[in-house]
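The values are calculated or read from the model by the stated rules, or taken from the named source; none is laboratory data. These numbers were taken from a predicted model, which means no experiment stands behind them. For neighbour counting, all protein chains shown are included, and Cβ atoms are generated from backbone atoms with ideal geometry for every residue, glycine included. Accessible surface is based on the protein model in full, side chains and every heavy atom, while ligands, DNA and RNA are left aside. Shrake-Rupley method; radii C 1.70, N 1.55, O 1.52, S 1.80 Å.
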Amino acid sequence: MTDNEVLKAIRERRSIRRYKEQQITDDELTTVLEAGTWAPTGHGTQDPVIIAVQNKELRDKLSRMNAEIFKVESDPYYGAPTIVLVFASRDSYNRERDASLVLGNMMLAAHSIGLASCWINRVDAMFETEEGKQIMQELNLPDTLAGVGSLALGYASSQPRTVKPRKEDYYRIVK
């Protein structure tokens, strides 16, 4: 099997659920966000919108909103100091596909520069609430956007000990 740094990052990246309080650097954040902009999008529309939140008050509000939807008391963002939200046009056929590729690129980029990340769901429901719509207005986001997914982003305070082996019939080749 061919091997290189990209394939190594794909194999080694894991969802991290424990973060240090220390904020990531501006350069690290820009690197991750820029990687998201290089994700493929249907017809090259570059439709997704990426919002990085490092403001602690807003970060905590987003965490609370997500926890309420998830019906948990804990922080769904696992204490990560940065939350990255990804939106896309509500009426886009490729909304979830495009935004998912953006999120995937950012997770791989984060891993490649020593950051940890974890995909966090429920962003769609968060921004359908009145509170979520208000936050979108405060961020100058049009109401034509819908939340798709988000990332917890920061420095890992622990690493997973084990990696699940890939299942045997994960892929098939038809010639």
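Points to keep in mind about this one:
- Pairwise label distance in nanometres, Y93 with N121, each label 7 Å out on the Cα-Cβ vector: 2.6 nm
- T30 accessible area, assembled protein chains, probe 1.4 Å, Å²: 80 Å²
- Modelled FRET efficiency - R0 25 Å, N55 with S15, Cβ distances, 0.05 increments: 0.55
- The mean accessible area for residues of region 1-115, using a 1.4 Å probe and ignoring ligands and nucleic acids, is 59 Å² per residue.
- Cross-link partners of K133 among aspartates and glutamates (Cα-Cα below 12 Å; sequence separation of 8 or more within a chain): D124, D143
- Percent antiparallel among DSSP beta bridges (both partners in the chain, rounded to 5): 95 percent
- Rolling a 1.4 angstrom probe over the chain with all protein chains present gives an accessible area of which 51% lies on carbon and sulfur atoms.
- Helical mean residue ellipticity (222 nm; -39500 (n - 2.57) per DSSP H run of 4+; nearest 500) of the chain: -11500 deg cm²/dmol
- Debye intensity ratio I(q)/I(0), log10, the chain, q values 0.08, 0.15 Å⁻¹ (C-alpha model): -0.26, -0.89
- Distance between region 123-156 and region 73-96 - C-alpha centres, whole angstrom: 7 Å
- Overall form of region 111-171 per C-alpha gyration tensor (a/c, 1.5; a/b vs b/c): prolate
- Each principal axis of the Cα cloud of region 50-153 was taken in turn, and the coordinate range along them, longest first, works out to 35, 33, 24 Å.
- For the pair D3 and T45 in one chain, pulling the backbone fully straight at 0.36 nm per residue adds 12.0 nm over the alpha carbon distance.
- Check: the chain dipole with +1 on Lys, Arg Cβ and -1 on Asp, Glu Cβ, in debye: 940 debye
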